[in-house]
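Comments concern the structure below.
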C-alpha cells in the first residue's frame, strides 16, 4: 500500500487562538476528496480531540495525515513530551488533568482519549517522558 | 431529487463584477459567456446572489395572484413572519381583511402549526439521547447541511415545513369544496419552492407560493377597509424570531450566515454536544428578516407581545403522519469509487498548482480550485485564466 496524499502540520503549545485549525484543514481536504460523511465525522472528532490534547497537555508537536491507495487514512500525532504518567487513568472516561484555564475555554472534559479510541478504526498509543505518539487508522473504502 | 433553483438571471449585458459568483455559499454560480449560470443541484435558494447584484440582474419571483381564478375555493396561508410586521392586533386584523380582499375565500394563519412544530422539535431533543437536534424550519439550513455539512444530516429534525402541514390539514377539511387552491405567502426566496407552482415541485400540498413583496401593493390598498377577527399562537410567532424565542440552557439560537457556519463547523467536531437544540437562521433577525417582507426587522421584532397580549391560540393538535417526513435522509449518492475520487482530486491539485491562487473569479469561476476542476473535466483551459493570459501576452 502506497501513500497517495501526505500532509504535515505543526501545532504550538498553548496556542488556543489557532486551536482546531489543523483539524479544520484535514476535514476540508477529505471533504473535497469526497470521503463519505459517516467516516468523515469520526475523523473530524478524533483529529480535533487529538490536536487539542497536543495544545493543552503536551508541548505542541507534529501531525501528519496519509491517505493510502487501499482506501485507508492514517493520522499520526507526535509530541515531544511530557508524556502521560498514568495511561490507564487517562483512558478512563471523565478523568482529566486539564488546567482551569483550559476548562474555562470548554476543553478538558476528560473524554478526550476514550472518545478518540471510540471513533477510530485502529488506535495505537505510545507514551514516555520523551513524548507521546498516537496513531489512528480509518477505513474509507 | 434535484430541484430547480428559484433564482433566474435576467440581464442582457452583465457588467461582470462577479459579486454574485463570489457570494455563493456553495459555489453554485459561474459566469460563462457573460451570462450567470446557476447549478440547480447546488443552489440553496438563500438569495445572497440576488442581494449581491447591483444591477438587479438576479430575481426570484412567486406565482401570480391571478392563479386564484383556476380554483373553486381558495385558501391563503399567512406565516408568522408576515404577521410580525403588524404592530398591534388591530393592524393584524386589518391585514387579514386586506389579504382576503385579494380574492381568497379564506385566510388562515399558520402560527398554531408553527408552534406545534417548535414543541415537537423540543420533544425530539428531549427523547433523542445524546443527539443534538437541528430545527428543520428553515429550508436554507436544511439544504446547507445537505451540501456542506452532510455529517449533520441525521441531526435535522425529521419534521415537515409548517406550510406543508397546514396545507395537509386544509385539504382534509375541505374535501367537498370542489377544486381547492392553497396559496402561501412567502417571506423569503427559500420558501418559494415549497409549493407546486411556480417551480413545479408537484410533491407539495401547497398549490401556489406568493412573494409577499409582489402582493403587498394590492394589500396596502385595502388595509383600512375592514377587519377579520384573529388570534395567534405565541409559540408560533416566536418561531420566526431568534430574539423573542424562549431559550433554555440547552438551546443554541443564532442568526446571520457567518455565525451559523461557525456553529455547524463546531457541531461537526462534536464541540456543541451539550446543546440539545440548534435554532439557526441565516437571515439576521430570523424569518422577519426575510427579504420578501416590507418591514424593517429591527423595528418589527418586538411586535409579538402586542399581538398575543389578549387572546392566544394553543399549538395545533396534529397527527404523526402529517408532521413527520424523511426527506432529509440523503445518503452518499456519489457513484465514484474511492480511487476515482482520489485520482480526480490529484489531477485537480496538479492543475491548481498552475493557477495563481488569487480566487479573483475573473475567469467566471468562484475560486481557482473550481477552475482547476473545470480544466480537469475539459470544459476550461488554463489559458482562460485572465492573469495567466495577460502574463503570457506581456511576455510576448
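Would you pick out the residues in region B:8-44 that are over 24 Å from the mean Cα position of the chain (by Cα), surrounded by fewer than 14 Cβ atoms within 10 Å (Cβ to Cβ) and not in a strand (DSSP E or B)?
B:12, B:13, B:15, B:16, B:33, B:34, listed by residue number.
For region B:262-280, indicate whether the set of residues that are under 28 Å from residue B:108 (Cα atoms) and crowded, with 21+ Cβ neighbours inside 10 Å is non-empty.
At the first step, the residues of region B:262-280 found to be under 28 Å from residue B:108 (Cα atoms) are B:279-280.
Adding the requirement that they be crowded, with 21+ Cβ neighbours inside 10 Å leaves B:279-280.
Checking region B:262-280: at least one residue is under 28 Å from residue B:108 (Cα atoms) and crowded, with 21+ Cβ neighbours inside 10 Å.
Yes/no per residue for (1) closer than 28 Å to residue B:155 by Cα; (2) buried (at least 16 other Cβ atoms within 10 Å of the Cβ); (3) within 12 Å of chain B (Cβ to nearest Cβ):
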residue	(1), (2), (3)
A:3	no, no, yes
A:12	no, no, no
A:21	yes, no, yes
A:50	yes, yes, yes
A:56	no, yes, no
A:71	yes, yes, yes
A:96	no, yes, no
A:100	no, no, no
A:113	yes, yes, no
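Only one of A:137, A:83 is within 30 Å of residue B:147 (Cα to Cα), in contact with a strand residue (DSSP E or B) (Cβ under 7 Å, 6 or more places away or on another chain) and more than 10 Å from chain B (Cβ to nearest Cβ). Can you tell me which?
On the way: A:83 fails: within 30 Å of residue B:147 (Cα to Cα).
Checking each option against the conditions leaves just A:137.
Where the second residue is part of a loop (DSSP other than H, G, I, E, B) and at pLDDT 90 or above and the first is more than 9 Å from chain A (Cβ to nearest Cβ) and closer than 22 Å to residue B:152 by Cα and lies in region B:328-341, which pairs have Cβ atoms under 8 Å and are six or more apart or on separate chains?
If the second residue must be part of a loop (DSSP other than H, G, I, E, B) and at pLDDT 90 or above, the pairs left are B:328/B:136; B:328/B:158; B:329/B:158.
Checking the structure you have, find out if any residue of region B:251-268 is over 30 Å from residue A:47 (Cβ atoms), part of a loop (DSSP other than H, G, I, E, B) and either in contact with a strand residue (DSSP E or B) (Cβ under 8 Å, 6 or more places away or on another chain) or not assigned by TED's automatic domain parsing to the domain that holds residue B:119 (or both). Walk me through it before giving the result.
Here is the first cut: in region B:251-268, the ones over 30 Å from residue A:47 (Cβ atoms) are none.
No.
Which of the residues that make up region B:81-119 are surrounded by fewer than 19 Cβ atoms within 10 Å (Cβ to Cβ), assigned to a helix (DSSP H, G or I) and in contact with a strand residue (DSSP E or B) (Cβ under 6 Å, 6 or more places away or on another chain)?
Matches in region B:81-119: B:100 only.
Assigned by TED's automatic domain parsing to the domain that holds residue B:211, assigned to a strand (DSSP E or B) and in contact (Cβ under 8 Å) with a residue 40 or more places away in the chain - does that describe any residue in region B:303-311? I'd like the intermediate steps shown before the answer.
Within region B:303-311, the first condition is being assigned by TED's automatic domain parsing to the domain that holds residue B:211, and the residues that meet it are B:303-311.
Imposing the further condition that a residue be assigned to a strand (DSSP E or B) reduces the set to none.
Among the residues of region B:303-311, not one is assigned by TED's automatic domain parsing to the domain that holds residue B:211, assigned to a strand (DSSP E or B) and in contact (Cβ under 8 Å) with a residue 40 or more places away in the chain, which makes the answer no.
Given the criteria part of a loop (DSSP other than H, G, I, E, B) and more than 20 Å from the chain's Cα centre (by Cα), does residue B:219 qualify? Before the answer, list the steps.
On the way: part of a loop (DSSP other than H, G, I, E, B): no; more than 20 Å from the chain's Cα centre (by Cα): yes.
Taking the combined requirement at face value, the residue does not satisfy it.
Which ones in region B:170-195 are part of a loop (DSSP other than H, G, I, E, B) and under 26 Å from residue B:48 (Cβ atoms)? It would help to see each step written out before you state the result.
Step one: list which residues in region B:170-195 are part of a loop (DSSP other than H, G, I, E, B), which gives B:174-179, B:187-188, B:192-195.
Those that are part of a loop (DSSP other than H, G, I, E, B) and under 26 Å from residue B:48 (Cβ atoms): B:187, B:188, B:192, B:193, B:194, B:195.
Within region B:226-250, which residues are part of a strand (DSSP E or B) and farther than 13 Å from residue B:313 by Cα? Quick ask: steps written out before the conclusion?
The initial filter retains those residues of region B:226-250 that are part of a strand (DSSP E or B), namely B:232.
The answer is none; no residue qualifies.
Report yes if residue B:136 is touching a strand residue (DSSP E or B) at 6+ places or on another chain (Cβ under 8 Å) and either within 14 Å of chain A (Cβ to nearest Cβ) or part of a loop (DSSP other than H, G, I, E, B) (or both), otherwise no.
Values: touching a strand residue (DSSP E or B) at 6+ places or on another chain (Cβ under 8 Å): yes; either within 14 Å of chain A (Cβ to nearest Cβ) or part of a loop (DSSP other than H, G, I, E, B) (or both): yes.
Yes: the conditions hold for residue B:136.
From B:237, B:252, grab the single residue that is within 14 Å of another protein chain (Cβ to nearest Cβ), closer than 19 Å to residue B:119 by Cβ and at pLDDT 90 or above.
Values: B:237 fails: within 14 Å of another protein chain (Cβ to nearest Cβ).
Matching residue, one of B:237, B:252: B:252.
The values are calculated or read from the model by the stated rules, or taken from the named source; none is laboratory data. Quick caveat, the model's predicted, so the values are computed rather than measured. Using ideal geometry, Cβ is built from the backbone for each residue, glycine included, and neighbour counts are taken over all protein chains shown.
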